[in-house]
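I have placed the structure first, in the form of structure tokens, so that the comments after it can refer back to it.
All of the numbers you see were taken from the coordinates with simple rules; none came from a lab. Since we're looking at a predicted model, the values are computed, not measured. Neighbour counts run over all protein chains shown; Cβ positions are idealised from the backbone, glycine included.
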Amino acid sequence: MKISLNWLKNYIDISNLSVDEIARYLTMSGLEVESIDEIGKDLKGFVVGEVVSKKNHPNADKLSLCQVNNGSETFQVVCGAPNVEQGQKIVFAQVGLIIPSTGEKLKKAKIRGIESQGMICSEKELGLGENHTGILVLSKDAVVGEPIIDSLKLSDVVLEIGITPNRPDALSHIGVARELSAILRKKYSIPKIDYDEIDESIGDNFSVSIENEVDCPRYCALIVRNVKVKESPQWLRNYLSNVGLRPLNNIVDISNFVLLEYGQPIHTFDAKLVEGNKIIIKNADENEKFVTLDGKERILWSDTLMICDPEKKIAIAGVMGGKNSEITSATKDVIIEGAYFNPKSIRRTSKFLGLSTDASYRFERGVDHKNTLTVAKRVAQLIAELADGEILAGYIDEYPSKIEDVEVTVRSSRVKKVLGIEIDRDEISEILEHLGFEVRKLNGSDLVCKVPSFRPDITREIDVIEEVARIHGYENIEVDSRVSFTVTGEEVISQSEKETREILSGFGLNEVINNTLMKYEEVKFSDYKPIKILNPISQELSHLRTSLIPGLVRTISANHKFSEFDLMLYEIGNCMYAQKDIIENFNDFSEKQNIAIALTGSIASVNWREKPTKADIFYLKGLVETYLDKISLDKISFTSYNDLENDYYNIEVKVFTDSTYIGSLYKLSHSYLTRNAIEREVFVAELDFSKIKSLPKLKSKFNLLSNYPKVERDLSFLIDDSITYKQIEEKIYQSSDKLLKKIMLFDQYRDEKMFNRKSLAVRLEFQSYEKTLTNEEVDKRIQKIVNVLEKEFNVQIRAAN
Amino acid sequence: MSKVKSLQETENFRIKYLGRKGSISSLFELISQVPKESKAEFGRELNLLKKEIEENYQNLLEKFPKTKIQAKTEDLTLPGIKPNIGTKHIVTQTLDEIIEIFRGFGFNIAEGPEVESDYYNFSALNFPEDHPARDMQDTFFIAKDLLLRTHTSPVQIRYMEKHKPPVRIIAPGRVFRNEAVSARSHCIFHQVEGLYVDANVTFAELKGTLFNFAKLFYGEDVKIRFRPSFFPFTEPSAEMDVTCILCNGRGCRVCKYSGWLEVLGCGMVDPNVFKSVDYDVEEYTGYAFGIGIERIAMLKYGIDDIRILFENDIRFLRQFIQI
């Protein structure tokens, strides 16, 4: 909301305050000043000039040669305007000034061979209006040499104030004046409404009938005859253009002016176009069509409240008038409407039509229902003054269901309980009175206050306490740094997310954050049924992710564009999927938190001592296993699938703890990666973090240490390629006893000469709690293992030492 | 060749024949004295000879294989071998930092879903139907009554439904707004919600807690101010500003020359919220606050385009290895 300080000064004396002080007072009481705009800044240097003489340009018929005096000197100016005459007071721009409409610097120029030392400006060139048919001619009283911003009273400061939805009372200049009055504890004044009426009474030949009293509790009307529709006076045009409105004609400008003066929207009809001398307020018919004054055809529904005459609809109540009854230059008689509409009804209509106007914005927040007649009268007064109208005697005020005043009891004890400070009862009542409350003191320390009708947001004690607090000043509430907490013995929710991030970052992975919203193509990665956004921003962001992997793939692809090929990434985030075709409530879909990891390129950064390790499925597997170990998940097992016929991945390794599936590792397929412009291998893992969090964790326990040294033996052998490492490992453990503590694979080798066999080398670790193991004891066990392997798998031992 | 018996003698062989002042070099120097017509022939022969000696030298080298040796003194200016260091995203780093501070003040952590019902996201938080307050947060819907939460405040309701006062929680999480993505706003961002309810919680305590948070987060010298504002679920409501961290309050482009930066919204829990969860509105009071993480992180690191946070450029992610 834009507030002009020139305009504001009509209602409150703020002459002793600087602009910054005003802005700070408003901001600190809840009307946040978002910006301060100095109007007329760009017209500095433009002055009133006088055309001393005018001759024809010797070389051009349409140009004239003028001598212009700026109060101290005379300049020769070539002027092309048809309306320039000797003796006129005009706006003179000297060479060097920047012309507001073009932003260009005025230079000394030769026009058709004659030097021009400045410019006589048009309204448009100055940015003051649209008129460019000729130069702007000032009144004869204008003082030559006076800056144009002073001469035309253009200088103004406009505050852009962010008004929160609870403060419709502040959506006007009087509203802001009232607010300042409470802050400064100073009087404000509202315009005196005083006008002459003609003998004929409005009621003689005109009536209003409200059929929907719920949505239109009050409707007032006045009629003004014989108006002259014309341009508004300069002061009115200045006010409107300073706050960003384009002046149109006096009648329309007056209703805009009063809207911004009081915050009450006013509509005016051309009385000739309203048939039957009657206005009826009722609902529209279903699917009825109506052309609003912006020329657009709107389709209404039966909930839409309409202003009608006996023959037709003439306005959408509280939102926008109709084309069929709007004020035009031909208008003679005007009907002024001042109404109070039900905020919810106006909001529904505005939402339904997708049409928000200055009027609907205020009606849906709630206007002052006590002020409708006053404001309608204010409009009548101004039309009489500025459009020479004649006001019919009396007024219509249909107010079938009176809106009751709200009374609230405020307890000093409650003020203290909420705010933590004591505020004197006299200060409370002073603040409230300045805000327009009527305050009655009760016995004891309590107050009863009648809430002003322009504050629909205040209905409860707590609302009044807020008023007291903000005018008293939040700054004046002392900081209380006590932390008074009650220990409840409640379980502190574990920080497993934070731990996981620390573990994975510790492994050298970088955390990424991707959007939950993605396009349909991307969510197809998983088999889950994706959830669609009903009102997406774009097709690129139309579905909720069912997996974190597509986001990681996108991240890898984006980084490849910068030749960043070595990536180790992880993300923790929520994924959602539907469980039914139609989603209506929480039972129809699932939301769970996942962890995903992606590896591509080299694992370690380049160094001079070692060759880089390439990311592969085994590195990923080890990483996942170590992570699960670190968060104390027990009994991890893997089930693997090679050569999958899948569009997205060729290898899947499923991860289980006990028999619970907790996630998978994948080698992404070439075709999926190519579609994403990735030419390198990518390995990803996705784990169900919600499930992992819910599983019982292993309790860390101390295991007794042996006091005797361990013995290590290496065993290498050739074995049929079809036998898996897992089978071999299990067999070795089975064929030994508990002295065998550990098996570590340290080599795998294949070549053509091995004929479908592979060479494996394992290190076996033996240890006893009771004694130092002798060579013979270990040899015996190795021999047994060798025998079993030979018998079961037909291995060929290459070395045992 | 047959006289060469060691690696050292191989080296002597190389110096004698192939060295800078060796026989081959001296022969090449003679080329200027050779008559013009024989020059080409002489050169060709000489090159063949050189090639033969080089081959012999290679054979000798293979005959006496090198053994790796330690440098007499190790060159310690060689770069160290660094472990791979991962990073946490700065949004989670900032989140963790804030959580850590409030845990120190005795706050528990609570969580809630990202897909919420209209009830938890709006109605229970005192956003009436058909009220302009609903325009404050543009919402993504997935069904008539299901939406992507627009703030972390629904966690307040979910937690209070299950726990009786005293309640003291913070709820970090992702939120969504149906807004076009630009440098200044994104359709996803993260918040930390705070809630404290007990028999005698006051606005003065709210100021105290947040002032101490600001001091711990921004440093001892920070100044704060509270401005009245409006949120449907708090009354009175406030926004907290801190002195602009870029200009120290002198006024700059980032703080729009006001010297202040808005960092969070807060207020006393509205009695209507307590009614939604069946708390006694006379007995209990409480405060709540919500901190937007991206904004705080962007100010802290001097980032002026929110989109870079979610583009996950590895060069960006790797910048933040400091804890």
So if I restrict to the alpha-carbon atoms in region A:154-226, what is the Rg, and what is Dmax, the biggest pairwise distance, in Å? 18.9, 48
Using only Cα atoms and rounding to the nearest 10 degrees, what angle (0 to 90) does helix A:549-560 make with the longest principal axis of chain A? 80 degrees
Of all DSSP beta bridges having both residues in chain A, the percent classed as antiparallel (nearest 5) is 95 percent
Degrees, to the nearest 10: A:461-472 long Cα axis against longest axis of chain A: 80 degrees
Can you pull out the cysteines in chain B that have no other Cys Cβ under 4.7 Å? B:C187, B:C266
List the residues of region A:366-382 whose backbone N lies under 17 Å from a point placed 7 Å from the Cα of A:N10 along the Cα-to-Cβ direction. A:374-382
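In debye, nearest 20: dipole of the protein assembly as shown around its Cα centre with unit charges on the Cβ of K, R (+) and D, E (-)? All intermediate terms of the calculation are to be shown ahead of the outcome.
Numbers: 147 positive and 169 negative charges, 1031 e Å.
With Lys and Arg at +1 and Asp and Glu at -1, about 4940 debye.
With n ≥ 4 as the cut-off for DSSP H runs, can you work out [θ] at 222 nm for chain A, using -39500 (n - 2.57) per run divided by the number of residues, rounded to the nearest 500?
It lands at -7000 deg cm²/dmol.
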Given charges at Cβ of Lys, Arg, Asp, Glu: the protein assembly as shown dipole, positive-most of A:N212, A:L704, A:L392: A:L704
If N is the number of residues in region A:146-304, what value comes out of its Cα radius of gyration divided by 2.2 N^0.38 Å? 1.30
Could you tell me the largest-minus-smallest coordinate of the C-alpha atoms of region A:368-478 on each of the three principal axes, in descending order and whole angstroms? 58, 32, 21
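How about region A:516-604: which GluC sites (Glu not before Pro) there are in a DSSP loop, with at most 16 other Cβ atoms within 10 Å of their Cβ?
Values: sites: A:E521, A:E522, A:E540, A:E564, A:E571, A:E584, A:E591; in loops: A:E564, A:E584.
Here the GluC sites (Glu not before Pro) that fit, given the DSSP loop and packing criteria, are A:E564, A:E584.
Count neighbours as other Cβ atoms within 10 Å of each site's Cβ, and list the GluC sites (Glu not before Pro) in region A:1-105 that are DSSP loop with at most 16 such neighbours.
On the way: sites: A:E21, A:E32, A:E34, A:E38, A:E50, A:E73, A:E85, A:E104; in loops: A:E73, A:E85.
Hits after loop and neighbour filter: A:E73, A:E85.
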Compare the Cα positions of A:G129, A:I307, A:I383 along the charge dipole of chain A (+1 at Cβ of Lys, Arg; -1 at Cβ of Asp, Glu; about the Cα centre) and return the one farthest towards the positive end. A:G129
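Explain nothing, just the number: relative contact order of region A:637-723, from Cα pairs under 8 Å at least 6 residues apart, as a whole percent. Walk me through the numbers on the way to the answer.
Values: 98 pairs, mean separation 15.6, N = 87.
RCO, region A:637-723: 18 percent.
Can you compute the charge dipole magnitude of chain B about its Cα centre, using +1 on each Lys and Arg Cβ and -1 on each Asp and Glu Cβ, nothing else charged? Give it in debye, rounded to the nearest 20. Display every interim value, and only then the final one.
Values: 42 positive and 45 negative charges, 506 e Å.
Around 2420 debye, computed over chain B.
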In debye to the nearest 20, the charge dipole size for region A:441-484, taken about the Cα centre with +1 at each Lys and Arg Cβ and -1 at each Asp and Glu Cβ, equals 180 debye
Express the Stokes-Einstein translational diffusion coefficient of chain B in µm² s⁻¹, to the nearest whole number, given a Kirkwood radius over alpha-carbon pairs, 4 °C and a viscosity of 1.567 mPa s. 51 µm²/s
Go ahead and collect, in residue order, the members of region A:582-604 whose backbone nitrogen is under 19 Å from a label point 7 Å along the Cα-Cβ direction of B:K144. A:582-589
Pairwise label distance in nanometres, A:E427 with A:Q234, each label 7 Å out on the Cα-Cβ vector: 4.8 nm
Partner lysines whose C-alpha sits under 27 Å from that of B:K223, ignoring same-chain residues fewer than 8 away, are A:K416, A:K417, B:K207, B:K215, B:K256, B:K300
Lysine pairs, Cα distance under 26 Å, 8 or more residues apart or cross-chain: how many in region A:142-299? 16
Distance between modelled label sites at A:E521 and A:S401, nm, 7 Å Cα→Cβ extension: 5.6 nm
Given C-alpha coordinates of region B:140-265, what is the ratio Rg to Rh with the Kirkwood estimate of Rh? 1.00
Any aspartates and glutamates with Cα under 16 Å of the A:K140 Cα? List them, leaving off those in the same chain fewer than 8 positions away. A:E50, A:E85, A:D150
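Let me check against my output: what whole-number percent is the relative contact order of chain B, with C-alpha pairs under 8 Å and at least 6 apart?
Here the relative contact order equals 16 percent.
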Please pull out the direction-averaged projected area of the protein assembly as shown, using the convex hull of its alpha-carbon atoms, in nm² to one decimal place. 75.0 nm²
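Do any trypsin sites (Lys or Arg not before Pro) in region B:79-169 lie in a DSSP loop with no more than 15 other beta carbon atoms within 10 Å, and if so, which? Walk me through the numbers on the way to the answer.
Values: sites: B:K88, B:R103, B:R134, B:K144, B:R149, B:R158, B:K162, B:R168; in loops: B:K88, B:K144, B:R149.
Here the trypsin sites (Lys or Arg not before Pro) that fit, given the DSSP loop and packing criteria, are B:K144.
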Sequence neighbours fewer than 8 away in the same chain don't count; with that in mind, list the lysines whose C-alpha is under 29 Å from A:K753. A:K611, A:K614, A:K726, A:K731, A:K784, A:K791
Estimated vicinal HN-Hα couplings, Hz - region B:204-217 in sequence order (Karplus 6.51, -1.76, 1.60; Gly, Pro = x): 4, 5, 4, 4, x, 4, 6, 5, 5, 4, 4, 5, 6, 7
Under 5 Å from the placed amide H of B:A171, counting only residues 5+ away or on other chains, we find B:A110, B:E193, B:G194
Radius of gyration, Dmax [region A:98-185; alpha carbons; angstrom]: 20.5, 65
With respect to the cross-link table entries A:K9/A:K450; A:K691/B:K144; B:K16/B:K63, which display a Cα-Cα separation exceeding 24 Å? A:K9/A:K450; A:K691/B:K144
